[in-house]
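Single-structure report; data block below.
The values are calculated or read from the model by the stated rules, or taken from the named source; none is laboratory data. The structure presented is a predicted model; accordingly, all values stated were derived computationally and were not measured. Methodologically, a virtual Cβ is constructed for each residue, glycine included, from the backbone with ideal geometry; neighbour enumeration extends over all protein chains shown.
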Amino acid sequence: MFPEGFLWGGATAANQIEGAYNVDGKGLSVQDILPHGITGAVTDGPTDDNLKLEAIDFYHRYCEDVDLLAEMGFKTFRISFAWSRIFPRGDEAQPNQAGLDFYDRVIDYMIEKGIEPLVTLSHYETPLHIMREYGGFTNRKVIEFFDNYARTVMEHFKGRVRYWLTFNEINSVLHFPIFSGIEGTPEEIGAQNLYQAIHHELVASARATKIAHEIDPENKVGCMILAVPRYPLTPNPDDAMAALIASHDDFAFGDVHVRGEYPGYFKRKLRELNVELNITDADREDLKHTVDFVSFSYYMSVCESATEDKGGEGNLIGGVPNPMLKASEWGWQIDPVGLRYILNEYWDRWQKPLFIVENGLGAKDELENDTVEDDYRIAYLNDHLVQVEEAIKDGVQLLGYTSWGCIDVVSASTAQMSKRYGFIYVDRNDDGSGSLKRYKKKSFNWYKDVIASNGESLTR
């Protein structure tokens with residue numbers, strides 16, 4: 001039941017695979033001062049314990065890695081461009097040519113191997129200078145800098161990159177503002193500054209969409225949302241309303257991208273927070289440039305309660321644990337049915353093509369005899385893809401599926417290598433040791449069969 005031309009593949013982010021953080025003129029990004037992940041301390045500069053500085057050295061090994069992905073039969077590969085590799089400070093008028101040259105080599109090699117590039121413009125890697133000099137997206141000037149970046153790469157890669165995502169998990173700014181170049185917790189930043197920054201980022205996303213369509217009408221642009229189904233913990237109507245209100249925080253970002261204006265419930269929230277956004281007439285016109293599709297990540301669901309507010313282990317986005325579900329080693333609750341649920345919810349709400357651009361299981365893998373017997377990962381992905389097929393039968397229009405960390409990456413949440421997602425094992429450890437040699441896991445050939453059969457090989 002997977003449609004003809006379905007885009008099977010995998011996903012990564014520049015800051016989690018490339019390494020070469022100071023090579024060929026690259027500037028620093030916010031990731032270079034976050035050696036311990038999302039909740040870790042911010043450092044003054046790069047430190048020896050930051051695995052992302054070398055990551056898995058995709059910068060020098062991309063041919064080997066793309067060859068492995070092509071061997072699996074990938075139709076598409078989601079990467080991100082590191083903004084600070086192309087504009088080292090983020091605010092320059094002219095790009096760093098060596099940065100463009102690197103992505104030329106990567107994109108051209110992917111195309112040579114028959115793999116469609118899917119490029120994210122900003123994947124949690126705002127240039128550090130943008131944060132320290134301008135306060136990130138709290139500053140309206142940063143919209144112009146992002147415009148320049150988007151126009152530069154879209155013109156440069158015209159005809160070679162047709163699928164673009166603007167901001168990775170854009171709604172995560174509510175929880176992790178630093179990825180938008182805003183230093184401090186949401187409480188420290190304050191609601192007025194945080195929501196003004198969100199507005200600026202939404203305008204920047206819409207303007208990038210406009211630019212893409214002007215440069216090449218064949219371009220397809222998607223927003224990217226952190227998707228979390230939120231169930232009421234009990235049948236109590238108050239819990240059901242708590243789940244709906246919590247869902248609104250995620251829906252709002254998609255509503256603006258798809259409908260081109262702020263929804264009423266979002267305006268109510270701003271009033272209750274005593275936030276008054278500075279919105280220009282030009283902003284309102286820009287927001288009308290809506291996306292071609294909605295992409296999202298999916299890892300887990302949560303429950304919501306009107307009376308309980310204790311989050312589960314490893315859950316950084318609110319909610320309470322679901323007593324019906326098991327959890328991964330990092331406390332993320334495993335819910336394949338939730339993926340069908342969110343696909344239907346998004347399709348019914350927006351009636352735009354959908355694209356699952358992240359999904360996967362982070363687990364500790366043991367390399368033995370040059371492979372990993374990761375049956376647990378196969379079971380996880382199989383069960384989720386069966387539910388994806390059910391959603392397609394429900395009538396959901398789905399463009400593709402890219403599993404997260406198709407080759408082992410440095411974890412964004414914990415900055416560890418031991419939290420592995422890939423079909424390809426990379427010999428690197430949490431202490432930085434290892435040869436960086438690549439090994440095929442058992443799941444490598446399993447996913448190869450899934451792609452070759454267009455999903456027919458799944459166990460139902």
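Restricting attention to the stretch 409-427, the residues being crowded, with 22+ Cβ neighbours inside 10 Å, among the charged types (D, E, K, R) and part of a loop (DSSP other than H, G, I, E, B) number 1. Only residues that are of a type in the set (A, V, I, L, M) and either out of contact with any His (no Cβ under 8 Å at 6 or more places or on another chain) or surrounded by fewer than 18 Cβ atoms within 10 Å (Cβ to Cβ) (or both) were counted across the stretch 290-306, and they come to 3. Evaluate the following for Leu287: is it crowded, with 16+ Cβ neighbours inside 10 Å, touching a Gly at 6+ places or on another chain (Cβ under 6 Å), touching a residue at least 40 places away in the same chain (Cβ under 8 Å) and within 23 Å of Gln192 (Cβ to Cβ)? For Leu287, the condition - crowded, with 16+ Cβ neighbours inside 10 Å, touching a Gly at 6+ places or on another chain (Cβ under 6 Å), touching a residue at least 40 places away in the same chain (Cβ under 8 Å) and within 23 Å of Gln192 (Cβ to Cβ) - is met. Picking from residues in the stretch 177-188 that are surrounded by fewer than 21 Cβ atoms within 10 Å (Cβ to Cβ) and of a type outside the set (Val, Ile, Thr), the one that is nearest to Pro127 (Cα to Cα) is Glu183. Cβ-Cβ contacts under 6 Å between residues 6 or more apart (or on different chains), taken from a first residue in the stretch 10-31 that is surrounded by fewer than 24 Cβ atoms within 10 Å (Cβ to Cβ) to a second residue that is of a type in the set (A, V, I, L, M, F, W, C), are listed as Gly19/Ala55; Tyr21/Leu53; Asp24/Ala98; Gly25/Ala98; Leu28/Leu128. Residues in the stretch 134-186 that are modelled with pLDDT of 95 or more and charged (D, E, K, R): Arg140, Lys141, Glu144, Asp147, Arg151, Glu155, Lys158, Arg160, Arg162, Glu169.
In the stretch 330-364, how many are free of Cβ contacts under 8 Å to residues at least 12 places away in the same chain and assigned to a helix (DSSP H, G or I)?
Keep residues of the stretch 330-364 that are free of Cβ contacts under 8 Å to residues at least 12 places away in the same chain, which gives 348, 351.
Filter once more, keeping what is assigned to a helix (DSSP H, G or I): 348.
So the count comes out to 1.
Kindly provide the set of residues from the stretch 250-292 that are over 29 Å from Ile215 (Cβ atoms) and either in a helix (DSSP H, G or I) or within 26 Å of the chain's Cα centre (by Cα) (or both), ordered by number. Those that are over 29 Å from Ile215 (Cβ atoms) and either in a helix (DSSP H, G or I) or within 26 Å of the chain's Cα centre (by Cα) (or both): Asp250, Phe251, Pro263, Gly264, Tyr265, Phe266, Lys267, Arg268, Lys269, Leu270, Arg271, Glu272.
Condition check ((1) loosely packed, with under 14 Cβ neighbours inside 10 Å; (2) touching a helix residue (DSSP H, G or I) at 6+ places or on another chain (Cβ under 9 Å)) across all residues:
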residue: Ile211; (1), (2): no, yes
residue: Ile225; (1), (2): no, yes
residue: Ala243; (1), (2): no, no
residue: Arg268; (1), (2): yes, no
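Cβ separations smaller than 8 Å between residues 6+ apart or across chains give the following pairs from the stretch 228-245 residues that are closer than 19 Å to Gln333 by Cβ and modelled with pLDDT of 95 or more to residues that are of a type in the set (D, E, K, R) and surrounded by fewer than 21 Cβ atoms within 10 Å (Cβ to Cβ): Pro229/Glu345; Pro232/Asp239; Leu233/Asp239; Leu233/Glu308.
Only one of the numbered conditions (1) more than 26 Å from Leu361 (Cβ to Cβ); (2) modelled with pLDDT of 95 or more is not met by Val42, and that is (2). Screening the candidates Ala327, Ala363 for the property of being closer than 27 Å to Met417 by Cα, modelled with pLDDT under 95 and either within 22 Å of the chain's Cα centre (by Cα) or hydroxyl-bearing (Ser, Thr, Tyr) (or both) yields one hit, Ala327.
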